[in-house]
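Notes for the one structure printed next.
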Amino acid sequence: MNFLEVLELLGVAVFGVSGALAAGRKHLDLLGVVVIALVTAMGGGTLRDLMLGERPFWIADPRYVEVVIVAAALTVWYARFRAVPARALLIADAFGLALFSIAGAQIAERAGVDGVVVIALGTMTGVAGGMLRDVLVNDVPMILRKGQIYATAAILGIALYLLLQRAGVARDEAALGGMAAVAALRLAAIVWNLSLPVFRYPEP
């Protein structure tokens with residue numbers, strides 16, 4: 001198992017937890033939990049693969065589906081015995097964003113696309129599953145919430161990953177640096193309520 005596969009497996013596991021927590025917050029049944037977990041974990045990577053003209057990763061390797069189901073089941077089991085902290089969904093989502101953004105960027109790199117496209121596809125991989133999750137549970141997608149540093153964290157982390165490689169840093173070490181940047185930015189935004197400037201159009 002190579003480093004990229006490890007990243008993707010960790011990413012789908014963390015997003016599976018994120019999806020299960022979102023489903024639990026809306027009091028969905030067990031099937032609903034599994035569906036939301038799968039959509040959260042698979043949505044971004046599926047869109048990326050389709051745009052690159054490849055077969056979706058979870059069809060090529062069903063292990064990803066199994067990992068998501070196990071992650072969701074363990075989340076449900078844990079929640080039966082202990083209260084899940086209010087910020088658990090945001091924190092799980094932050095780590096999923098970090099793992100999947102860089103994994104998506106590496107897959108886009110492997111396809112030979114330009115650096116700007118690598119950033120776009122990596123960001124899509126990280127945020128699209130969460131967007132679908134939020135829409136399905138009737139929440140405003142995190143990427144659209146006022147001032148939220150979310151996709152911005154993915155963009156900056158992927159850009160750092162590419163810059164580190166150009167500076168001569170080995171690919172795996174650059175990936176770890178990019179993931180750390182994404183996670184740190186997103187967690188800082190959660191803890192200190194950091195946000196981007198909001199555009200306000202004056203009323204006539």
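Just the residues that are at pLDDT 95 or above, among the aliphatic types (A, V, I, L, M) and out of contact with any helix residue (DSSP H, G or I) (no Cβ under 6 Å at 6 or more places or on another chain), please, taken from the stretch 77-110.
Listed by number, the list holds a single entry, I107.
What number of residues within the stretch 150-172 satisfy the criterion of being surrounded by fewer than 17 Cβ atoms within 10 Å (Cβ to Cβ) and in a loop (DSSP other than H, G, I, E, B)?
Qualifying residue count for the region: 4.
Give me a count of the residues in the stretch 75-115 that are in a helix (DSSP H, G or I) and either in contact with an Asp or Glu (Cβ under 8 Å, 6 or more places away or on another chain) or under 15 Å from R48 (Cβ atoms) (or both).
Of the residues in the stretch 75-115, 14 are in a helix (DSSP H, G or I) and either in contact with an Asp or Glu (Cβ under 8 Å, 6 or more places away or on another chain) or under 15 Å from R48 (Cβ atoms) (or both).
Only one residue in R87, R133, R80 is of a type outside the set (S, T, N, Q) and over 17 Å from the mean Cα position of the chain (by Cα), so which one is that?
R80
Restricting attention to the stretch 1-58, which residues are touching a Pro at 6+ places or on another chain (Cβ under 8 Å) and crowded, with 18+ Cβ neighbours inside 10 Å?
Once the filter is applied, which keeps residues that are touching a Pro at 6+ places or on another chain (Cβ under 8 Å) and crowded, with 18+ Cβ neighbours inside 10 Å, the stretch 1-58 yields M42, G45, T46, D49.
Go through the stretch 116-138 and count every residue that is without any contact (Cβ under 8 Å) to a residue 24 or more places away in the chain and outside any helix (DSSP H, G or I). Working first, answer last.
So in the stretch 116-138, the residues without any contact (Cβ under 8 Å) to a residue 24 or more places away in the chain come out as 116-117, 120, 135.
Adding the requirement that they be outside any helix (DSSP H, G or I) leaves none.
Residues flagged as without any contact (Cβ under 8 Å) to a residue 24 or more places away in the chain and outside any helix (DSSP H, G or I) within the stretch 116-138 amount to 0.
Does A120 meet the test of being under 15 Å from L7 (Cα atoms), at pLDDT 95 or above and out of contact with any His (no Cβ under 9 Å at 6 or more places or on another chain)? It would help to see each step written out before you state the result.
Numbers: under 15 Å from L7 (Cα atoms): no; at pLDDT 95 or above: yes; out of contact with any His (no Cβ under 9 Å at 6 or more places or on another chain): yes.
No, not satisfied.
Name the single residue that is nearest to I119 (Cα to Cα) among those in the stretch 147-204 being of a type in the set (D, E) and free of Cβ contacts under 8 Å to residues at least 12 places away in the same chain.
Taking the candidates together, the pick is E173.
On the basis of being of a type in the set (D, E) and surrounded by 15 or more Cβ atoms within 10 Å (Cβ to Cβ), does E109 make the cut?
Working: of a type in the set (D, E): yes; surrounded by 15 or more Cβ atoms within 10 Å (Cβ to Cβ): yes.
Yes.
For the stretch 66-85, which positions are over 15 Å from A37 (Cα atoms) and among the hydroxyl-bearing types (S, T, Y)?
Y78
Taking the stretch 16-59 as the region of interest, how many residues are closer than 20 Å to L99 by Cβ and either aromatic (F, W, Y) or in a loop (DSSP other than H, G, I, E, B) (or both)?
Count: 5.
The values are calculated or read from the model by the stated rules, or taken from the named source; none is laboratory data. Quick caveat, the model's predicted, so the values are computed rather than measured. Neighbour counts are summed over all protein chains in view; Cβ atoms, including those assigned to glycine, are modelled from backbone coordinates with ideal geometry.
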